[in-house]
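The values are calculated or read from the model by the stated rules, or taken from the named source; none is laboratory data. Please read all numbers here as calculations on a predicted model, not as lab measurements. Neighbour counts are summed over all protein chains in view; Cβ atoms, including those assigned to glycine, are modelled from backbone coordinates with ideal geometry. Calculation scope for accessible area: heavy atoms of the full protein, side chains included, ligands and nucleic acids excluded. Shrake-Rupley method; radii C 1.70, N 1.55, O 1.52, S 1.80 Å.
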Amino acid sequence: MGKKIICALAAFAVLAGLCFVLSYTRPMTLEQLCPGIRLEDCRAIQASFRRGQTGEEITLTLQNGDTAFAQVTELMEKASFRRSLLSLFPLGGKSHALQPEDFKWLLLLEFGDTQLPDGTRGSGMLIELNDFYGTLEVSYVGETWRCSVSNQEEWRGAVMECLETANKKEGNA
């Protein structure tokens, strides 16, 4: 009798673990990942980016109503984010051996008065999307998740292209 109970408990533990993994890593929109947020309420995006080994860090602000703002928010709306199981552990520092074609970007999404998951209200830079040379992290209300996106290389390249185009239009090229 004892062996049957142990086997049943082990099977239950494996099944529960599998359900957790499938639930945790399921694809979600940014709004599902960050409850209380509606991308249509985003007021501005503070962006910084860098391309190549010697490229300088460029910063710019995309305002709601700008073409680049619409393009970047559309890319975020269409993306399905999957949290990595690595997010369950301390993320630690990051390093990367730079190659000429490498790039990184950081987006800080600014919102007005927004209801947060804990019931409080917040405003300001509530969401951070950080693409560190191909490693994507999303931060929201004190939590950071390492994520992936379908067609990640194309998606992150499209975001970078929007930022570079916006920078050229501002005359900063």
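Would you check if there is a residue in segment 120-130 being over 17 Å from residue 46 (Cβ atoms) and either in contact with a Leu (Cβ under 9 Å, 6 or more places away or on another chain) or open to solvent by 20 Å² or more (accessible area, probe 1.4 Å) (or both)?
yes
Suppose we keep only residues that are of a type in the set (Val, Ile, Thr) and open to solvent by less than 20 Å² (accessible area, probe 1.4 Å) within segment 131-173. Which one would you say is farthest from the chain's Cα centre (by Cα)?
159
To keep it simple, each residue is scored yes or no on (1) surrounded by 10 or more Cβ atoms within 10 Å (Cβ to Cβ); (2) under 18 Å from residue 81 (Cα atoms); (3) modelled with pLDDT of 90 or more.
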residue: 1; (1), (2), (3): no, no, no
residue: 5; (1), (2), (3): no, no, no
residue: 8; (1), (2), (3): yes, no, no
residue: 17; (1), (2), (3): yes, no, no
residue: 25; (1), (2), (3): yes, yes, no
residue: 32; (1), (2), (3): yes, yes, yes
residue: 44; (1), (2), (3): yes, no, yes
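Results for (1) surrounded by 12 or more Cβ atoms within 10 Å (Cβ to Cβ); (2) assigned to a helix (DSSP H, G or I); (3) over 15 Å from the mean Cα position of the chain (by Cα); (4) at pLDDT 95 or above, shown as yes or no for each residue.
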residue: 40; (1), (2), (3), (4): no, yes, yes, no
residue: 50; (1), (2), (3), (4): yes, no, yes, no
residue: 65; (1), (2), (3), (4): no, no, yes, no
residue: 82; (1), (2), (3), (4): yes, no, no, no
residue: 91; (1), (2), (3), (4): yes, no, no, no
